[in-house]
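Below is one structure; the comments refer to it alone.
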Amino acid sequence: MGIVEKIKEIEEEMARTQKNKATEYHLGTLKAKLAKYRAQLLEPAAKSGGGGTGFDVQKSGDARVALIGFPSVGKSTLLSKCTNTQSETAAYEFTTLTAIPGVIDYQGARIQLLDLPGIVEGASQGRGRGRQVVATAKTADLILIMMDATKSDEHRRLLEYELDAVGIRLNKEKPDVVFKRKTTGGITLNVTVRLTKTDEKTIRSILQSYKIHNCDVMIREDITTDEFIDVLIGTRKYMPCLYVYNKIDAISMEQLNKLARTEHSVVISCEMGLNLDYLIDRIWAELGLVKVYTKKRGVQPDLNDPICLRKGATVEGVCNGIHRSLATNFRYALVW
Ligand SMILES: Nc1nc2c(ncn2[C@@H]2O[C@H](COP(=O)(O)OP(=O)(O)O)[C@@H](O)[C@H]2O)c(=O)[nH]1
Ligand SMILES: [Mg+2]
């Protein structure tokens with residue numbers, strides 16, 4: 001039996017199993033198995049085509065934003081409106097089969113916007129191009145899930161499901177759990193909060209199903225079973241995400257109001273150019289970059305030419321960004 005079939009079988013068993021206190025433990029082990037098979041499926045060494053590698057697009061600029069969505073939601077149109085790129089806005093679907101980069105110029109900062117093919121579906125089943133899309137998405141600093149506001153929200157759930165199944169966690173923090181493997185000494189489990197969504201027995205059984213017999217675990221948050229499995233697997237990617245609803249020129253005020261009020265969402269119309277500046281402001285805010293200007297003594301800094309850094313960046317980081325020899329010869333910096 002192939003991995004895909006095994007995954008299907010577990011999913012079916014999970015669907016059949018009622019959720020209650022008595023089955024919690026059993027469901028936990030099923031989830032652990034499922035996560036293990038899914039991880040195997042996404043391993044780069046897997047035989048099936050596509051591999052775990054992304055599209056061959058050079059990273060450029062200060063941050064990368066990945067645009068994901070079903071075909072015809074307006075991804076190419078957005079790219080051509082906000083960047084210097086003309087992505088294919090052909091009349092028929094599926095023209096874009098590769099990733100197309102563009103650059104947003106935001107007050108001197110350069111943000112790379114990547115238009116990805118609208119075929120995320122099947123990625124979690126190991127399908128080649130879907131996997132490629134996902135692998136590229138993982139290299140981004142922010143994900144934009146683009147939706148057609150005139151269509152049902154079902155697409156959003158499908159995309160979220162696929163991204164979740166391949167280990168991308170949207171708008172979530174890494175669980176506050178410390179996990180350390182050891183070679184001897186058995187399992188030490190420390191729980192500093194009351195667990196309401198899982199229990200120690202489930203956690204121990206999951207460790208067992210991963211054949212982990214020696215480790216230190218410290219749980220400092222009321223986590224779920226899934227979140228514990230995420231910690232064990234360790235390769236989860238926690239990414240910020242904005243839901244961009246396009247084509248608001250074609251929906252009613254009531255619908256618009258509702259969409260605009262949902263969390264992490266921005267409503268736009270690419271074609272009418274509505275709210276695009278606000279979208280870029282929001283992208284900038286989500287990226288959480290800091291602009292730093294360098295200046296010569298006695299001269300005003302050039303405010304059109306910032307160095308963009310991740311929050312928490314250090315002066316040493318700036319030095320290394322300019323030239324690798326700078327930090328070693330470095331004496332002092334004045335910082336405003
Ligand atoms: N009504 C409306 N149509 C749009 C808007 N943006 C894009 N479209 C149309 O949606 C179709 C698909 O756009 P495209 O950018 O190719 O979508 P992609 O497949 O996601 O790249 C095209 O016919 C566009 O003209 C919009 O804001 N409003
Ligand atoms: Mg397109």
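Structure above, values below:
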quantity	calculated
Search result, residues across the range 106-122 that are modelled with pLDDT of 70 or more and more than 16 Å from ligand 1 (Cβ to nearest atom)	TYR106, GLN107, GLY108, ALA109, ARG110, ILE111, GLN112
Output for the range 292-336, where each listed residue is more than 35 Å from the chain's Cα centre (by Cα) and aromatic (Phe, Trp, Tyr)	PHE330, TYR332
Of residues in the range 66-94 being surrounded by fewer than 22 Cβ atoms within 10 Å (Cβ to Cβ), more than 7 Å from ligand 1 (Cβ to nearest atom) and of a type in the set (Val, Ile, Thr), the one modelled with the lowest pLDDT	THR85
Residues of the range 258-308 that turn out to be farther than 30 Å from GLY321 by Cα and out of contact with any strand residue (DSSP E or B) (no Cβ under 9 Å at 6 or more places or on another chain), as a count	4
Single condition ILE283 does not satisfy, out of (1) without any contact (Cβ under 8 Å) to a residue 60 or more places away in the chain; (2) under 30 Å from ALA333 (Cβ atoms)	(1)
Single condition VAL134 does not satisfy, out of (1) within 22 Å of CYS270 (Cα to Cα); (2) of a type in the set (Val, Ile, Thr); (3) more than 16 Å from ligand 2 (Cβ to nearest atom)	(1)
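Yes or no, residue by residue, for (1) surrounded by fewer than 14 Cβ atoms within 10 Å (Cβ to Cβ); (2) over 30 Å from GLY74 (Cβ atoms); (3) in contact with a Gly (Cβ under 9 Å, 6 or more places away or on another chain); (4) not aromatic (Phe, Trp, Tyr):
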site	(1), (2), (3), (4)
ARG169	no, no, no, yes
ASP176	no, yes, no, yes
THR224	no, yes, no, yes
ASP230	no, yes, yes, yes
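The values are calculated or read from the model by the stated rules, or taken from the named source; none is laboratory data. As the structure is a prediction and not an experimental result, all values here were calculated from the model. For neighbour counting, all protein chains shown are included, and Cβ atoms are generated from backbone atoms with ideal geometry for every residue, glycine included.
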